[in-house]
Amino acid sequence: MNTKIRTTMITAALAASLGLAGCATNSTPVGGNTMPGMPHGSSGPVSSMMPDANADHNQADIMFARMMIPHHAQAVEMSDIMLAKSDIPADVTTLATRIKAAQAPEIEQMTGWLKAWNQPTGMMDGTTMPGHSMGGMVDAEGIERLKSAAGTDAVRLFLTQMIGHHEGAITMAKQEISAGKYPEATDLCRAIVTSQAAEIVEMKSLLAGL
């Protein structure tokens, strides 16, 4: 085989290879970017996190629900810890009761969305996911300190922790309002922003009075 024929065949093969690569690249649906920081250990295939383009929800809705559920669950846990103590002022126990009463049903609501979307409902750790941070979460040591604290120390710790927790929830809610598609989710987020911002003001006032 002479050099000219061999060069022509190699050029044709390269062109065909590049054409196939282009087809593979263009097979990604429009707007179907992969999830940034998607944990490898999450249940279900990554493709299950990619709703159909015609669905009434999107990736932001899925990630919001999967991450706000454990965020809310910790707020309920912290409230239960305070409600189990006998030396806490009535205005603080009233606050803890209100937080639990609001957030426990919201956990059930978001779990229902995930089930309807055929998405995993297990707890997700989003603290290391770029762009999807569960801000304000209290670490295990902080939870243990809250459990062992008493009286004014317990109140101060609870209020301080919950203020940061609420601030994180508001940030997550605002991200969902901006990027989400599911109307019920964005409506819930607007309610979260309003109610938790008011509770932050209330908690700061309680702290100042200690």
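The values are calculated or read from the model by the stated rules, or taken from the named source; none is laboratory data. Since the structure is predicted, the reported quantities are computational estimates derived from the model, not experimental observations. Quick reminder, even Gly has a Cβ in these numbers, built from the backbone with ideal geometry, and neighbours come from all protein chains shown.
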For this session: State the number of residues belonging to region 149-194 that are within 30 Å of ASP87 (Cβ to Cβ), within 18 Å of the chain's Cα centre (by Cα) and of a type in the set (Gly, Ala, Ser).
Result: 3
Exercise. What about ALA65, is it closer than 20 Å to GLY136 by Cα, modelled with pLDDT of 85 or more and surrounded by fewer than 20 Cβ atoms within 10 Å (Cβ to Cβ)?
Worked result: no
For this session: Output yes when any residue across region 166-173 is more than 16 Å from ALA102 (Cβ to Cβ), in a helix (DSSP H, G or I), modelled with pLDDT of 95 or more and in contact with a Ser or Thr (Cβ under 7 Å, 6 or more places away or on another chain), and no when none is.
Result: no
For this session: Could you please let me know if MET123 is surrounded by 15 or more Cβ atoms within 10 Å (Cβ to Cβ), in contact with a Pro (Cβ under 9 Å, 6 or more places away or on another chain), not basic (Lys, Arg) and not in a helix (DSSP H, G or I)?
Result: no
Problem set entry | Residue in region 43-50 that is of a type in the set (A, V, I, L, M) and modelled with pLDDT of 50 or more present | yes
Exercise. Quick one: how many residues across region 177-210 are crowded, with 17+ Cβ neighbours inside 10 Å, of a type outside the set (Phe, Trp, Tyr) and in a loop (DSSP other than H, G, I, E, B)?
Worked result: 1
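I need a count of the residues in region 185-201 that are acidic (Asp, Glu) and in contact with a helix residue (DSSP H, G or I) (Cβ under 7 Å, 6 or more places away or on another chain).
Going through region 185-201 one residue at a time, the tally reaches 1.
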Exercise. Scanning for something closer than 17 Å to GLU199 by Cα, touching a Ser or Thr at 6+ places or on another chain (Cβ under 8 Å) and modelled with pLDDT of 95 or more, does region 72-81 turn up at least one residue?
Worked result: yes
